[in-house]
Amino acid sequence: MTRKLLKFQIILDKDSLLYLPGQVLAGRVLLETLESTAVLGLHFHVLGECTVNVAKGVRRDKSYDKENYIDFRMKLLDDFDNKPILLSAGVHCFPFKLGLPVSLPSTFLGQHGWIQYYCKTSLQESSGITHKNQQVFIVLNPIDLNLEDPLLSDPLEASVSHRVGVGPLGGTIRCNVGLDKRAYVPGENILLTGEIHNQTKLAIKLLKYALIETVQFYAHGKLLHQERRELAALVRERIKSGSRDVLQNGHLTVPPLPPTNLLGCHLIRIRYSVCILIEPNLMERQVALRVPITLGTYPYRRDDQDQDQGENLQQWVENYVRYPSTLPVSRTGPNPRSSSDPDPSGATTTTTTLSNSIPQD
């Protein structure tokens with residue numbers, strides 16, 4: 001009986017599978033039968049949801065929460081008189097069209113939570129056999145940097161002094177860092193300047209400028225887990241005692257990533273920052289200076305470019321946005337190797353270096 005069905009698939013009108021909130025999700029369910037087949041109905045379902053699932057405690061009990069954004073069902077083929085419908089041999093096409101809500105959060109996959117959107121369809125034969133298939137699509141809720149706080153386009157300078165060591169080995173590490181602005185889009189370079197002055201008797205064995213993503217997972221209003229990923233890094237030379245390191249025209253390239261925060265989602269939060277990590281010799285703790293930045297979708301317009309002259313947000317997304325290619329693969333979150341450390345708030349923190357797993361275009 002199953003050999004009667006040669007093809008059964010969902011085909012979306014957009015090859016990129018990338019949609020903005022408020023756009024129309026359109027496509028068709030395509031099936032091909034080898035011979036005439038009696039069916040009871042063809043059902044279609046569009047679903048968008050966020051799931052947080054964190055293993056917590058010695059017993060590894062699951063802390064779980066979920067929220068839905070789309071739950072749309074329709075019948076593409078129905079037996080109105082409760083009698084089987086006879087499909088002739090050959091190819092059959094059933095179109096569908098759905099306007100997406102305007103407040104959908106962006107697609108996201110994390111180790112302990114994910115936001116995913118997909119279509120699924122089922123065809124039930126009169127013999128009792130049911131065929132099922134599904135197709136994932138990507139949603140991007142964009143951020144236009146031109147509509148954000150104007151201060152984000154201004155350069156930023158930050159400094160910190162940190163006392164390390166005790167006795168004759170002790171001293172101060174002074175750190176100054178500058179960014180060309182405070183908001184970026186994927187593909188842009190974060191332009192850096194920095195000066196690290198080692199006023200201790202110890203050498204600094206590690207100095208690194210890094211782009212860090214911090215993801216927080218919540219369930220029932222409580223922070224359960226936090227992940228940190230190093231997305232890009234610039235490593236400098238060892239700094240001797242009494243010496244300094246000066247960085248001019250450094251840069252970190254922003255890889256394809258979801259925008260800051262996940263607008264419309266209450267269970268997962270995303271933040272980005274540029275961190276200066278300093279690790280002295282011996283057993284001293286690592287010194288970190290974190291500078292928050294905003295990651296958007298549509299970049300700042302040039303001073304000589306009017307809004308009418310530039311591409312609109314939808315055109316920019318279609319022409320230039322490259323979401324991580326791993327997102328449409330499956331409906332379950334990835335499981336990268338990571339190490340968890342306790343957090344004073346009761347949540348756990350995972351630090352994972354995944355710079356090699358971020359696809360570059």
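The values are calculated or read from the model by the stated rules, or taken from the named source; none is laboratory data. Owing to the predicted nature of the structure, the values given are computational and were not obtained by experimental measurement. All Cβ positions, even for glycine, are placed from backbone atoms using ideal geometry, and neighbour counts span all protein chains on display. The area values use the complete protein model at the heavy-atom level, side chains included, leaving out ligands, DNA and RNA. Shrake-Rupley method; radii C 1.70, N 1.55, O 1.52, S 1.80 Å.
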Does residue 49 meet the test of being assigned to a strand (DSSP E or B), open to solvent by less than 50 Å² (accessible area, probe 1.4 Å) and either at negative phi or at pLDDT below 90 (or both)? yes
Any residue that is assigned to a strand (DSSP E or B) and in contact with a Pro (Cβ under 7 Å, 6 or more places away or on another chain) - is there at least one of those in segment 224-231? yes
Residues (hydrophobic (A, V, I, L, M, F, W, C) and either part of a loop (DSSP other than H, G, I, E, B) or surrounded by fewer than 18 Cβ atoms within 10 Å (Cβ to Cβ) (or both)) located in segment 175-189: 185
If we keep just the residues of segment 1-46 that are open to solvent by 50 Å² or more (accessible area, probe 1.4 Å) and small (Gly, Ala, Ser), which is farthest from the chain's Cα centre (by Cα)? 36
Within 30 Å of residue 29 (Cβ to Cβ) and polar (S, T, N, Q): does that describe residue 141? yes
Specify which of the listed residues (116, 111) is of a type outside the set (Gly, Ala, Ser), under 27 Å from the mean Cα position of the chain (by Cα) and not in a loop (DSSP other than H, G, I, E, B). 116
How about segment 210-224: which of its residues are farther than 20 Å from residue 290 by Cα and surrounded by 17 or more Cβ atoms within 10 Å (Cβ to Cβ)? 217, 218, 219, 224
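This table checks each residue for (1) assigned to a strand (DSSP E or B); (2) small (Gly, Ala, Ser); (3) in contact with a strand residue (DSSP E or B) (Cβ under 9 Å, 6 or more places away or on another chain).
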{"residue": "92", "(1), (2), (3)": "yes, no, yes"}
{"residue": "123", "(1), (2), (3)": "yes, no, yes"}
{"residue": "127", "(1), (2), (3)": "no, yes, yes"}
{"residue": "136", "(1), (2), (3)": "yes, no, yes"}
{"residue": "152", "(1), (2), (3)": "no, no, yes"}
{"residue": "172", "(1), (2), (3)": "yes, no, yes"}
Only one of 75, 97 is modelled with pLDDT of 90 or more, open to solvent by 60 Å² or more (accessible area, probe 1.4 Å), in a strand (DSSP E or B) and in contact with a Phe, Trp or Tyr (Cβ under 8 Å, 6 or more places away or on another chain), namely 75
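I'd like the full set of residues that are among the polar types (S, T, N, Q) and either at pLDDT 95 or above or surrounded by fewer than 14 Cβ atoms within 10 Å (Cβ to Cβ) (or both), limited to segment 52-72. Outline the logic, then answer.
Keep residues of segment 52-72 that are among the polar types (S, T, N, Q), which gives 53, 63, 68.
68, the sole residue that qualifies.
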Evaluate the following for residue 109: is it modelled with pLDDT of 90 or more and not basic (Lys, Arg)? no
I'd like to know if segment 120-140 contains one or more residues that are hydrophobic (A, V, I, L, M, F, W, C), open to solvent by 80 Å² or more (accessible area, probe 1.4 Å) and on the phi < 0 side of the Ramachandran plot. no
